[in-house]
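**Student:** Here it is, the structure, as structure tokens.
Here, each number is a calculation from the coordinates, and none is a lab measurement. Everything numeric here is computed off the predicted structure, so don't read it as measured data. Glycine also receives a Cβ, built like all others from the backbone with ideal geometry; neighbour counts cover every protein chain displayed.
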Amino acid sequence: MTEHDAWSTVRVAMPQIGTDEASLTAATEQLEGLAALLASHDDVGGVETRDPTCIAEGPDFVRVERPELIAYTTPACRAAIETAARELAVTLGLEVLVDAEDHHGDDWRDAWKRYYRSLYFRAGASAFMVRPSWIPREADDPSCELILDPGRAFGTGLHESTRLCLQALVEVADAASEATRPRRVIDLGCGSGILGLAALRIWPELESLCLADHDQEAVDTTGENAEANGISIGEGSPRLELRQLSLGPDPINPALEPAALVFANIRPSVLIPAAATITSAVTPGGVLILSGILEEEGDEVLAAYTQIGLLLRGRPREADWCALVLERPRAGSAAR
């Protein structure tokens, strides 16, 4: 067995948390914050978060009852990553259990892939799919697809909030005419870039696409995912813009050029105070798709946007999550 046949996993779990919805949601968010920090470590080859909503197939799949994090590294770096995970957990005020295991051969190298599958979204005559690169296309798969592997940033389509956005996107596309289809799209809090890149796959004639996140790691990963799908950054048409920015109650500097379709798959703690800033990024007559919202939080988020004039066009739900499909009315128009 050579050195290259061995590698290690460092597991971070929170066994003391409850299994009620609120506890699981809070723990998932906390672990995702820890994962983002751990993923930037030079000796980490990848980070995977698992929660009870993970979808997987295969006889060896074991569904987790509580969220956990798996970091992939080498045996030589395992101790350093264990230490880093514990120290980061202390910094974030998290009570965690950290353990590690060495593995040999290629079987474990690919074992995490069983947690992923192709995802399909359909509305009327429109169809779109997201698939990992290791899953081959089937004969009846939609021709419109995005290839996306899990990586350093979040957003592989497995979470309900992302799936709600993608389904809403397909429905908007199915309802759009040549005259009403967007020419520019903005993806705020882009993570892996899945939503903005999906829009570009559906509308390859887009004139411009802005993908923005407060985390530079997410911005970099979005660029890598674009290139992996044969999409060039900063060349030709459409004009692709990658930006690092933080949303807040004050206008973004420099201000975003508004778009006819804007995604913001972010938690309400950002969506609510940034309502005016996010709304300003939507052109009159344009559509805003908000997600990352628990159903119990939906009314509060909706109020923040309707009180500044946006109109609700849909509130799709999946499990405990919801999305808000909003329209910014044109000057002089009224709610329909």
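**Student:** What does the extension gain come out to for GLU217 and THR83, with contour length at 0.36 nm per residue minus their alpha carbon separation?
**Tutor:** 46.0 nm
**Student:** Return, ordered by residue number, the residues of the stretch 272-293 whose backbone nitrogen is under 11 Å from a label point located 7 Å along Cα→Cβ of LEU311.
**Tutor:** 285-286
**Student:** With the crude spin-label approximation of a point 7 Å out along Cα→Cβ, what separation in nm comes out for ASP320 versus ASP102?
**Tutor:** For the pair ASP320/ASP102, the computed spacing is 4.0 nm.
**Student:** In percent, how large is the relative contact order of the stretch 151-327, given Cα pairs closer than 8 Å and 6 or more residues apart?
**Tutor:** 22 percent
**Student:** I want to check the label-to-label distance for GLU65 and SER40. Put each point 7 Å from Cα in the C-beta direction and report it in nm to one decimal.
**Tutor:** About 3.5 nm separates the two model spin labels.
**Student:** Give me the Debye-computed log₁₀ of I(q)/I(0) at q = 0.16, 0.23 Å⁻¹ for the stretch 281-336, equal point scatterers on Cα only, no solvent, two decimals.
**Tutor:** Here log10 of I(q) over I(0) equals -0.46, -0.85.
**Student:** Quick one: if the Förster radius is 45 Å, what FRET efficiency do ARG137 and VAL90 give, using the C-beta to C-beta distance and rounding to 0.05?
**Tutor:** Efficiency for this residue pair is about 0.50.
**Student:** Also: Return the long-range amide H neighbours of CYS210 (sequence gap of 5 or more, or a different chain), with a cut-off of under 5 Å between placed amide H atoms.
**Tutor:** Close amide H contacts, sequence-distant or interchain: VAL185, ILE186, ASP187, GLU241.
**Student:** Just to be sure I understand the model, the point goes 7 Å from the Cα along the line to the Cβ. What's the resulting GLU29 to GLN16 distance in nm?
**Tutor:** Distance between label points: 2.0 nm.
**Student:** Right, here's the next one. At a Förster radius of 35 Å, what calculated FRET efficiency corresponds to the Cβ-Cβ distance of ASP174 and ALA228, to the nearest 0.05?
**Tutor:** 0.85
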